[in-house]
Amino acid sequence: MALKITDGCISCGACEAECKNHAISEGENSYIIDPNKCTECIGYYDSPKCAEVCPVEAPKPDPDHTETRDQLLDKWRRLHPGEVPK
Ligand code: SF4
Ligand code: SF4
């Protein structure tokens, strides 16, 4: 399931640099995650990096974008053709 940045975001920008899928960008009132690019960090890491670095725990699982691990890996492969998942 993709993650979503919730209301607590203070727009510090720490998460953006951590996302190797380039799924995070600055929105109008907070940073935002593109669910088409978020793999929960599957493909690179075992756990979501944005959630780990966020000082206010704003990135949370998005129940509107539920996906299996295999679906997340397929998404990762589409984003990184030719690379091998870790
Ligand atoms: S969970 Fe990983 S892939 Fe998804 S937005 Fe956060 S850092 Fe990017
Ligand atoms: S690290 Fe947390 S507070 Fe900072 S921009 Fe990302 S979601 Fe917002």
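The values are calculated or read from the model by the stated rules, or taken from the named source; none is laboratory data. Please read all numbers here as calculations on a predicted model, not as lab measurements. Cβ sites come from the backbone with ideal geometry, for glycine too, and all protein chains shown count toward neighbours.
Scanning region 26-39 for residues that are in contact with a helix residue (DSSP H, G or I) (Cβ under 9 Å, 6 or more places away or on another chain), under 15 Å from L79 (Cβ atoms) and not β-branched (V, I, T) gives N36, K37, C38.
Quick grid of which residues meet (1) in contact with a strand residue (DSSP E or B) (Cβ under 6 Å, 6 or more places away or on another chain); (2) closer than 19 Å to E83 by Cα; (3) surrounded by 15 or more Cβ atoms within 10 Å (Cβ to Cβ); (4) free of Cβ contacts under 8 Å to residues at least 12 places away in the same chain:
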residue	(1), (2), (3), (4)
T6	yes, no, no, no
H22	no, yes, no, no
P35	no, no, yes, no
C41	no, yes, yes, no
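Quick check on A2: is it touching a strand residue (DSSP E or B) at 6+ places or on another chain (Cβ under 9 Å) and at pLDDT below 95? In short, yes.
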